[in-house]
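Structure first, commentary second.
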Amino acid sequence: MRQIAVVSGKGGTGKTSLVASLAALARGRAVYADCDVDAPDLHLILQPTVMERREFFGIKRAFIDGSKCTQCGLCQDACRFGAIADFQINPALCEGCGVCKLVCPAGAVEMRESLAGYAYISETRFGPLVHAELFPGDEASGKLVAMVREMARDLAASRNLDLVLIDGSPGIGCPVIASLTGVDLALVVTEPTITGEHDLERVLDVADHFGIKTAVCINKFDLNPAAASRIEDLCQERAVMIAGRLPFHPSVVEAMVLGRAVVELGGPVAEAISGMWNVLENLL
Amino acid sequence: MKISIASGKGGTGKTLVATSMAASLASAGISRVTLADCDVEEPNAYLFFPERTLLERKECYVPVPIIDELKCTHCSKCADVCAYHALAVLPETVLLFPELCHGCGACTLVCQESAVREGSRSLGEIFRARSDGVEIIWGELRLGEARSTPLIKAVKDRAEGETVIVDCPPGTSCSLVESVRGTDFCLLVTEPTPFGLYDLDIALKVLEKMNIPRGVLVNKSGMGDRKVYEYLEKRNIPLLMEIPLDRNIAELYSRGEIFVEKMPEWKAKFAGMVREIEEMIS
């Protein structure tokens, strides 16, 4: 089974629009996994019918039983996260380490799991989709990404599909690392801006750190030709392949508003994505 | 006053807005404007101040256990208590996975042999610089590091000034929560597209939970559809500014220029928006 993750250091470079189009091209041959659990948008294009919902439990959090608490204050002193004040836990600050429970002489602290979101297995016009919903502001998005990926792999295996296509999140931190671990290829989407360039380098460094093969897609490459050619040079220096160059074109937003993939509408971006898909298939 | 600039979706223009707001206030004569870039995974705001002078650069340390193998009896209590699976006790040695450690100190507490003491490790660096009346503070998460929140907190703690503008990372989970915590107002930047709206809705729910006053700025207006406007009207959420989809603005941004410097009529609009925010929270 092969796994491709579409990531970007900078947000808003077009990952989800691209993944929706790649899904249209891979139709019937792959499982899709929306691992941007903070801001999941792939379902807006794939319009899934949910077949199964699983509960996601994030980190455990401490609870103080007021009837047992003697207000000795030991837990407050021991908590490194400033999560206890007035003998009450602030769940937003609690990281679930359990130190308060360890130090409590009265046995007043209990660690409880709490529901932090859901993961879904769905059917779409392009094939099965695994996606998730993290409750607003909750923690452990990396753990939810790992759950989505495991469900996607299991689903691919059970249906004899040999490709998992992952829509990742921006950044280089915990959810991105969880999206990248063990993939065969990370497709990094960038744009020719000073921020796009800077963030591309950081995410390529992270992929190298974990020994993951990369290829780059320059989106809106014609917006700033000078920056685009700097990105080309950077990729050449690092021996990273440029899998595709997509032009700036209104069809991308038009498709999004219609809930369609760009390749379903056609046009210059659709053509460029189809060309890139051939390159990616050869790479794998 | 601390104003955070956030969005659920990435690439909606947070940094464009934060840098423009800082530059506008600085030229309006606000003496101490601080721009704190809390997107420690991909810090970008400083790139828009090429004339900056670096004032300070320091590591951000978090605690991490150090095991004294001579005292260790390999009883495994430390690994059992670790909520993050950062320790693995083998018959002959103890393995530490530092990226998983939250530095809570539970392992030190449970070790009866006093074999665990605490050292520290760096999560990344914090930088402070000055440029044209704006102080810029940013953090840079070390590559391969998963936990960004302690570094975000350190960046925010370092930011002082009459007006602090906090540029937040994208997303709607812990790093957003840490970035907006303690700010007086959050300006959510969105774009009028289905993706922009969907993620705006999640981000608004986070702010509601945290009881932080908020307003919305629609960037790239003119593209997409009208649904975000209908959404804001229905919920009575103030729309504080619209920035049109404009090739000129996009090109200036792509070159690392703060667009209000080239289109100065926008400076008064940004300063006016900040006054409006000040009135809303007073």
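Tabulated data for the structure shown
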read-out: Total residues in the stretch B:117-142, condition away from chain A (no Cβ under 14 Å) and on the phi > 0 side of the Ramachandran plot; value: 2
read-out: Checklist (1) within 14 Å of another protein chain (Cβ to nearest Cβ); (2) touching a residue at least 40 places away in the same chain (Cβ under 8 Å) applied to residue A:173, failing item; value: (2)
read-out: Elements of type strands (runs of 3 or more DSSP E) in the stretch B:44-135, at least 1 residues being among the basic types (Lys, Arg); value: B:53-67, B:116-131
read-out: Residue in the stretch A:130-152 that is in contact with a Lys or Arg (Cβ under 9 Å, 6 or more places away or on another chain), within 16 Å of residue A:27 (Cα to Cα) and either within 11 Å of another protein chain (Cβ to nearest Cβ) or surrounded by fewer than 24 Cβ atoms within 10 Å (Cβ to Cβ) (or both) present; value: no
read-out: Test: residue in the stretch B:267-281 that is modelled with pLDDT of 95 or more, outside any helix (DSSP H, G or I) and either within 21 Å of residue B:165 (Cα to Cα) or among the aromatic types (Phe, Trp, Tyr) (or both); value: no
read-out: Checking residue B:249 against (1) within 14 Å of chain A (Cβ to nearest Cβ); (2) in contact with a Ser or Thr (Cβ under 9 Å, 6 or more places away or on another chain), the condition it does not meet; value: (2)
read-out: Subset of the stretch B:159-182 [under 13 Å from the mean Cα position of the chain (by Cα) and not in a loop (DSSP other than H, G, I, E, B)]; value: B:164, B:165, B:166, B:167, B:174, B:175, B:176, B:177, B:178, B:179, B:180
read-out: Filter result (among the hydroxyl-bearing types (Ser, Thr, Tyr) and not in a loop (DSSP other than H, G, I, E, B)) within the stretch A:41-90; value: A:49
read-out: Residue ID - nearest to the other protein chains (Cβ to nearest Cβ), chosen from residues in the stretch A:65-80 that are surrounded by fewer than 20 Cβ atoms within 10 Å (Cβ to Cβ) and closer than 22 Å to residue A:139 by Cα; value: A:80
read-out: Unique match (being more than 9 Å from chain A (Cβ to nearest Cβ), out of contact with any Lys or Arg (no Cβ under 7 Å at 6 or more places or on another chain) and more than 30 Å from residue A:221 (Cβ to Cβ)) among B:263, B:280; value: B:280
read-out: Test: residue in the stretch B:164-172 that is over 24 Å from residue B:270 (Cα atoms), within 13 Å of chain A (Cβ to nearest Cβ) and touching a residue at least 24 places away in the same chain (Cβ under 8 Å); value: yes
read-out: Qualifying residue in the stretch A:230-240 (condition: modelled with pLDDT of 95 or more and touching a Lys or Arg at 6+ places or on another chain (Cβ under 6 Å)); value: no
read-out: Residues that are touching a strand residue (DSSP E or B) at 6+ places or on another chain (Cβ under 8 Å) and away from every other protein chain (no Cβ under 11 Å), drawn from the stretch A:220-252; value: A:221, A:231, A:232, A:235, A:240, A:241, A:242, A:243, A:244, A:245, A:246
read-out: Residue ranges of helices (runs of 4 or more DSSP H) in the stretch A:91-180 with at least 2 members in the same structural domain as residue A:9 (by TED's automatic domain parsing) and either at pLDDT below 95 or touching a strand residue (DSSP E or B) at 6+ places or on another chain (Cβ under 8 Å) (or both); value: A:141-158, A:174-180
read-out: Residue match in the stretch B:193-211 (condition: surrounded by 24 or more Cβ atoms within 10 Å (Cβ to Cβ), under 16 Å from the mean Cα position of the chain (by Cα) and on the phi < 0 side of the Ramachandran plot); value: yes
read-out: For residue B:155: the one exception among (1) at positive phi; (2) surrounded by 24 or more Cβ atoms within 10 Å (Cβ to Cβ); (3) away from chain A (no Cβ under 12 Å); value: (1)
read-out: Number of the condition not met by residue B:26 [criteria: (1) buried (at least 19 other Cβ atoms within 10 Å of the Cβ); (2) in a strand (DSSP E or B)]; value: (2)
read-out: Positions within the stretch A:9-36 being on the phi < 0 side of the Ramachandran plot and either among the aromatic types (Phe, Trp, Tyr) or facing chain B (nearest Cβ under 8 Å) (or both), in sequence order; value: A:9, A:10, A:11, A:13, A:16, A:32
read-out: In the stretch B:87-123, the residues that are surrounded by 22 or more Cβ atoms within 10 Å (Cβ to Cβ) and touching a residue at least 60 places away in the same chain (Cβ under 8 Å); value: B:123
read-out: Test: residue in the stretch A:6-15 that is part of a helix (DSSP H, G or I) and at pLDDT 95 or above; value: yes
read-out: Filtered residues of the stretch A:198-212 (kept if more than 9 Å from chain B (Cβ to nearest Cβ), of a type outside the set (Asp, Glu) and in contact with a helix residue (DSSP H, G or I) (Cβ under 8 Å, 6 or more places away or on another chain)); value: A:200, A:207, A:212
read-out: Selected residue [in contact with a helix residue (DSSP H, G or I) (Cβ under 6 Å, 6 or more places away or on another chain) and at pLDDT 95 or above] from B:202, B:258; value: B:258
read-out: Number of the condition not met by residue B:228 [criteria: (1) farther than 19 Å from residue B:15 by Cβ; (2) surrounded by 18 or more Cβ atoms within 10 Å (Cβ to Cβ); (3) within 10 Å of another protein chain (Cβ to nearest Cβ)]; value: (3)
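The values are calculated or read from the model by the stated rules, or taken from the named source; none is laboratory data. Keep in mind the model is a prediction, meaning the values are calculated, not measured. Here the Cβ is made from the backbone with ideal geometry for all residues, glycine too, and neighbour counts use every protein chain on show.
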